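Structure first, commentary second.
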């Protein structure tokens, strides 16, 4: 008589409810608490198309949509609400707008933007040990350009350059 094989490898699978609860906890830890957002189906389709354009993710999920909406909020805040004072803050804002245009409209990769910035001899906004922002004459790196992909980080950088407390 043959023995029945025990194919169980570990604990039984979680129920759909448990899986979703775990997913929500992880999203809250990574992104922040959830916020209800109601929109028409056509606006949701536009949102997904915009997220696809920005991230290359054809079927965006909650995480991609959340990051996209947060970036829109931060962009609007930087562009229309945040007060910029000083030459360095204005320079950072100009570079943010320029890099955003190159990334989105021109669809340039970070390494190509780095080459362009270095070719043009643009100064690099850099945070020193004391936390102040200065413009340094050094080569742009991909990390410098990738910082400009996050409107939230750019907002903090402009705030530090303007000596505005973090929000």
Pairs, first assigned by TED's automatic domain parsing to the domain that holds residue 68 in segment 20-33, second surrounded by 11 or more Cβ atoms within 10 Å (Cβ to Cβ) and part of a helix (DSSP H, G or I), C-beta under 7 Å, six or more apart: none
Residue match in segment 80-87 (condition: closer than 18 Å to residue 55 by Cα and in contact with a helix residue (DSSP H, G or I) (Cβ under 8 Å, 6 or more places away or on another chain)): no
Hey, residue 105 in contact (Cβ under 8 Å) with a residue 40 or more places away in the chain, surrounded by fewer than 18 Cβ atoms within 10 Å (Cβ to Cβ) and within 21 Å of the chain's Cα centre (by Cα) or not: no
Evaluation of residue 29 against (1) assigned to a loop (DSSP other than H, G, I, E, B); (2) loosely packed, with under 10 Cβ neighbours inside 10 Å (one fails), failing number: (1)
Any helices (runs of 4 or more DSSP H) falling wholly within segment 89-166 and containing at least 1 residues that are closer than 18 Å to residue 76 by Cβ and outside the structural domain of residue 49 (by TED's automatic domain parsing): 151-162
Count of residues meeting criterion [under 12 Å from residue 62 (Cα atoms) and either in contact with a helix residue (DSSP H, G or I) (Cβ under 8 Å, 6 or more places away or on another chain) or assigned to a helix (DSSP H, G or I) (or both)] in segment 33-43: 2
Residue 83 loosely packed, with under 13 Cβ neighbours inside 10 Å and touching a residue at least 40 places away in the same chain (Cβ under 8 Å): yes
Test: residue 64 is more than 20 Å from the chain's Cα centre (by Cα) and at pLDDT 85 or above: no
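The values are calculated or read from the model by the stated rules, or taken from the named source; none is laboratory data. Because the structure is a prediction, the values reported are computed rather than measured. Cβ atoms come from the backbone with ideal geometry, glycine included; neighbour counts cover every protein chain shown.
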